[in-house]
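The values are calculated or read from the model by the stated rules, or taken from the named source; none is laboratory data. From a predicted model like this one, the values you see are computed outputs, not experimental measurements. Here the Cβ positions follow ideal geometry from the backbone for every residue, glycine too, while neighbour counts run over all protein chains shown.
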Amino acid sequence: MRALAVVVALFIASRALTADAFPARPVAAATAAAPTAAVPAGRRDRPTFAAFFERQVATPQPLPDGVLEAARRYRYVFVAGFLNEAFRQGYFNENRDALREAGVRADEIHVVFPRSADAIAETAARLGQELPALAGQGRQKLVLIGHSKGAAELLAFALANPAFVRARVEAIFLAQGAIGGSGVADYITDAGHPLDDKMPAASRVAFAVAARGGKLLDGQLDRGFQSLTHRQAAALWAQLLPRRGATERIFYIRGHRDPAAVSKILSLTATYLSTYYGDNDGLVEVEDQFVSGAGRVLATLEADHMSLTVARPVSGDGPAVRRAFTHALLMQLAGALAPSPAATAPADPR
């Protein structure tokens with residue numbers, strides 16, 4: 001697939017601009033946070049999703065018995081993102097480890113690896129067959145966790161299948177979803193902001209060389225890539241959002257990080273997006289990791305696009321970050337976290 005070649009080229013070019021490959025970059029701890037128990041005794045003292053995550057990265061604590069008990073009630077399904085074919089071995093493996101450590105049985109944890117060449121709507125239709133089949137393996141409700149393009153595909157599935165979601169799904173967590181599209185996909189398909197002297201010269205040249213192959217993307221092979229453009233994303237949600245159903249079970253976890261601190265594989269794309277589009281996680285702008293009218297934002301974490309779901313060396317963060325993220329999801333499921341004060345809707349996708 002030519003899209004894969006483009007991303008590999010971006011990775012090589014990014015490494016050429018830096019001295020060290022994949023340094024570990026732990027997420028900063030919450031300011032003025034002393035070590036405390038994982039769940040405060042009083043409901044008024046419950047941490048937010050972001051505060052718990054940051055504290056768990058810095059000073060890991062055992063999950064409370066009640067959270068562990070709640071975790072074992074469900075069947076978990078992860079849905080991977082774009083180009084998962086290139087790094088499946090490290091995709092969600094540490095998240096799954098954290099679930100097993102919490103007592104969830106291995107046969108109650110599943111991973112769906114969609115075809116990157118398929119458009120979001122195509123994968124959503126396939127999920128309409130695969131997820132009911134997984135639900136049929138037991139009486140538990142499903143907890144669905146999607147990342148990147150996989151998050152957009154889960155959202156499209158949920159909006160198209162509200163009856164199933166109400167009956168068989170406990171929660172849908174959409175992590176750093178390419179919901180509103182990405183300026184990177186726009187650029188590769190000749191619809192993004194053109195390069196100019198606002199972008200640092202070395203990064204601009206490397207980005208242009210690496211992305212040149214994307215100008216020849218084949219529509220048959222790269223429908224998935226095309227569906228990540230802002231234009232096609234907007235058209236998809238305009239079609240699906242009027243249905244809305246069961247959106248109270250949909251939760252977004254957004255990410256952002258300074259381009260200088262992202263994993264090396266994301267260095268060039270983060271710089272491009274930061275220059276022309278604004279705050280981003282290295283591949284998706286923050287405002288595009290959410291769509292108004294379908295669920296709510298739990299947190300905006302200091303994490304790049306690989307931090308929460310992909311192991312080293314693709315991610316520059318250590319396994320403690322994936323473990324803390326998974327623990328935060330379990331705390332949310334158990335009702336042990338306070339609502340986020342920042343859970344407001346950003347602007348609609350373009």
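For the reader, a short list of remarks on this structure follows.
Each row is one residue, and each column tells you yes or no for (1) part of a loop (DSSP other than H, G, I, E, B); (2) among the polar types (S, T, N, Q); (3) within 24 Å of Ala311 (Cα to Cα); (4) without any contact (Cβ under 8 Å) to a residue 60 or more places away in the chain.
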site: Phe53; (1), (2), (3), (4): no, no, yes, no
site: Pro62; (1), (2), (3), (4): yes, no, yes, yes
site: Asp97; (1), (2), (3), (4): no, no, yes, no
site: Gly103; (1), (2), (3), (4): yes, no, yes, yes
site: His110; (1), (2), (3), (4): no, no, yes, yes
site: Arg115; (1), (2), (3), (4): yes, no, yes, no
site: Ala121; (1), (2), (3), (4): no, no, no, no
site: Ala124; (1), (2), (3), (4): no, no, no, yes
site: Ala152; (1), (2), (3), (4): no, no, yes, no
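Condition check ((1) free of Cβ contacts under 8 Å to residues at least 40 places away in the same chain; (2) over 20 Å from the mean Cα position of the chain (by Cα)) across all residues:
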site: Leu159; (1), (2): no, no
site: Ala163; (1), (2): no, yes
site: Arg168; (1), (2): yes, yes
site: Gln176; (1), (2): no, no
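- Condition met for Leu266 (in contact with an Asp or Glu (Cβ under 9 Å, 6 or more places away or on another chain), touching a residue at least 12 places away in the same chain (Cβ under 8 Å) and either over 27 Å from Phe52 (Cβ atoms) or in a helix (DSSP H, G or I) (or both)): yes
- A Cβ distance below 9 Å, combined with a sequence gap of six or more or placement on separate chains, defines the contacts here; from segment 65-91, residues that are touching a residue at least 60 places away in the same chain (Cβ under 8 Å) and within 14 Å of Leu330 (Cβ to Cβ) reach residues that are assigned to a strand (DSSP E or B) and acidic (Asp, Glu) in the pairs Arg73/Glu170; Tyr74/Glu170.
- Gly146 being out of contact with any strand residue (DSSP E or B) (no Cβ under 8 Å at 6 or more places or on another chain) and either small (Gly, Ala, Ser) or not in a loop (DSSP other than H, G, I, E, B) (or both): no
- Only one of the numbered conditions (1) more than 22 Å from Ala156 (Cβ to Cβ); (2) in a loop (DSSP other than H, G, I, E, B); (3) out of contact with any His (no Cβ under 9 Å at 6 or more places or on another chain) is not met by Gly192, and that is (3).
- Answer residue from segment 185-214, given it is without any contact (Cβ under 8 Å) to a residue 24 or more places away in the chain and of a type in the set (Gly, Ala, Ser) and is nearest to Thr269 (Cα to Cα) among those: Ala208
- Among the residues of segment 75-88, those that are surrounded by 21 or more Cβ atoms within 10 Å (Cβ to Cβ) and touching a strand residue (DSSP E or B) at 6+ places or on another chain (Cβ under 8 Å) comprise Arg75, Tyr76, Val77, Phe78, Val79, Ala80, Gly81, Asn84.
- Subset of segment 214-232 that is assigned to a loop (DSSP other than H, G, I, E, B) and modelled with pLDDT under 90 - its residue that is surrounded by the fewest Cβ atoms within 10 Å (Cβ to Cβ): Gln220
- Test for Asp304: is it crowded, with 22+ Cβ neighbours inside 10 Å and either out of contact with any Asp or Glu (no Cβ under 9 Å at 6 or more places or on another chain) or modelled with pLDDT of 95 or more (or both): yes
- Remark: pairs (first residue in segment 248-263, over 11 Å from Ile172 (Cβ atoms); second residue among the β-branched types (Val, Ile, Thr) and surrounded by fewer than 22 Cβ atoms within 10 Å (Cβ to Cβ); Cβ separation under 7 Å; 6+ apart in sequence or on different chains) = Arg254/Val286; Arg254/Val297; His256/Val286; Ser263/Val314.
- Taking the conditions (1) surrounded by 19 or more Cβ atoms within 10 Å (Cβ to Cβ); (2) at pLDDT 95 or above; (3) in a loop (DSSP other than H, G, I, E, B) in turn, Gly335 satisfies each one other than (1).
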